[in-house]
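Trainee: Below are the structure tokens for one structure; questions will follow.
The values are calculated or read from the model by the stated rules, or taken from the named source; none is laboratory data. Only a predicted model underlies this, so the values are computations on that prediction, with no experimental measurement involved. Cβ coordinates were reconstructed from backbone atoms using ideal geometry, including for glycine residues, and neighbour counts include every protein chain displayed. Ligands, DNA and RNA are excluded from the accessible area calculation, which covers all protein heavy atoms including side chains. Shrake-Rupley method; radii C 1.70, N 1.55, O 1.52, S 1.80 Å.
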Amino acid sequence: MAAIGVVERLGAAVPRDAVLADADGSRTTLAALAGKPVLLSFNYTSCPKLCGLQLSALARGLRDLGWAGDRFTVVTPRHRPRGEAPELRRYEQEMVRQAGGALRVDEAWKFVLAAKEDVDALADAVGFRYRFDPSPESSRTRRRSSC
């Protein structure tokens with residue numbers, strides 16, 4: 001548990017040059033998303049527990065706020081695993097649906113893949129500490145998960 005948590009880092013700069021790719025392979029950076037605020041939401045799409053709950057709650061909260069893809073961008077970065085781009089797109093579509101399903105929501109909520117070093121640098125910059133649980137129980141649960 002000591003390896004996970006949140007450290008408040010108000011005013012800290014984030015690495016704006018981290019390379020991010022969507023499920024279709026289109027590449028961008030945080031710098032390219034400049035122009036409106038960016039909300040970072042760190043989640044594994046194959047996480048069988050907290051990540052799915054947190055993302056669903058975020059989607060419902062965005063819908064309840066009337067967010068239509070305006071005012072800010074949501075970016076959900078994750079490590080670049082092999083062969084998981086189709087899973088990422090399915091998960092993105094489900095979260096967009098839960099958030100209200102508007103076209104601009106689909107455009108403004110970006111589920112992206114990045115190198116581990118880039119995700120780690122982003123997470124560190126905003127004070128988000130996490131660790132991957134490689135235990136066999138975690139893997140079995142993850143394979144059965146619908147995430």
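Trainee: Tell me which residues, restricted to region 99-121, are touching a Phe, Trp or Tyr at 6+ places or on another chain (Cβ under 8 Å) and open to solvent by less than 10 Å² (accessible area, probe 1.4 Å). So that I can check it myself, show each step before the final result.
Mentor: Taking region 99-121 and keeping what is touching a Phe, Trp or Tyr at 6+ places or on another chain (Cβ under 8 Å), we get 99-100, 105, 108, 111, 119.
Result: ALA99, VAL105, ALA108, PHE111, VAL119.
Trainee: Can you pull out the residues in region 1-23 that are among the aliphatic types (A, V, I, L, M), in a loop (DSSP other than H, G, I, E, B) and open to solvent by 70 Å² or more (accessible area, probe 1.4 Å)? Steps first, answer last, please.
Mentor: As a first pass, look at region 1-23 and keep what is among the aliphatic types (A, V, I, L, M): 1-4, 6-7, 10, 12-14, 18-21, 23.
Narrowing the set further to residues that are in a loop (DSSP other than H, G, I, E, B) leaves 1-4, 7, 10, 12-14, 18, 23.
Residues satisfying the conditions are MET1, ALA2, LEU10, ALA13.
Trainee: Of all residues in region 24-55, which are open to solvent by 50 Å² or more (accessible area, probe 1.4 Å), modelled with pLDDT of 85 or more and part of a loop (DSSP other than H, G, I, E, B)?
Mentor: Once the filter is applied, which keeps residues that are open to solvent by 50 Å² or more (accessible area, probe 1.4 Å), modelled with pLDDT of 85 or more and part of a loop (DSSP other than H, G, I, E, B), region 24-55 yields SER26, LYS36, PRO37.
Trainee: Kindly establish whether ARG63 is surrounded by 14 or more Cβ atoms within 10 Å (Cβ to Cβ), charged (D, E, K, R) and either modelled with pLDDT of 90 or more or touching a Gly at 6+ places or on another chain (Cβ under 7 Å) (or both). Show your work before the answer.
Mentor: Numbers: surrounded by 14 or more Cβ atoms within 10 Å (Cβ to Cβ): yes; charged (D, E, K, R): yes; either modelled with pLDDT of 90 or more or touching a Gly at 6+ places or on another chain (Cβ under 7 Å) (or both): yes.
Judged against the criteria, ARG63 is a match.
Trainee: Here's something else I'd like to know. Give region 1-32 a look and list any residue that's within 14 Å of ASP118 (Cβ to Cβ), in contact with a strand residue (DSSP E or B) (Cβ under 7 Å, 6 or more places away or on another chain) and touching a residue at least 12 places away in the same chain (Cβ under 8 Å), or say none.
Mentor: Answer for region 1-32, where residues must be within 14 Å of ASP118 (Cβ to Cβ), in contact with a strand residue (DSSP E or B) (Cβ under 7 Å, 6 or more places away or on another chain) and touching a residue at least 12 places away in the same chain (Cβ under 8 Å): ARG16, ASP17, ALA18, VAL19, LEU20, ALA21, THR28, THR29, LEU30.
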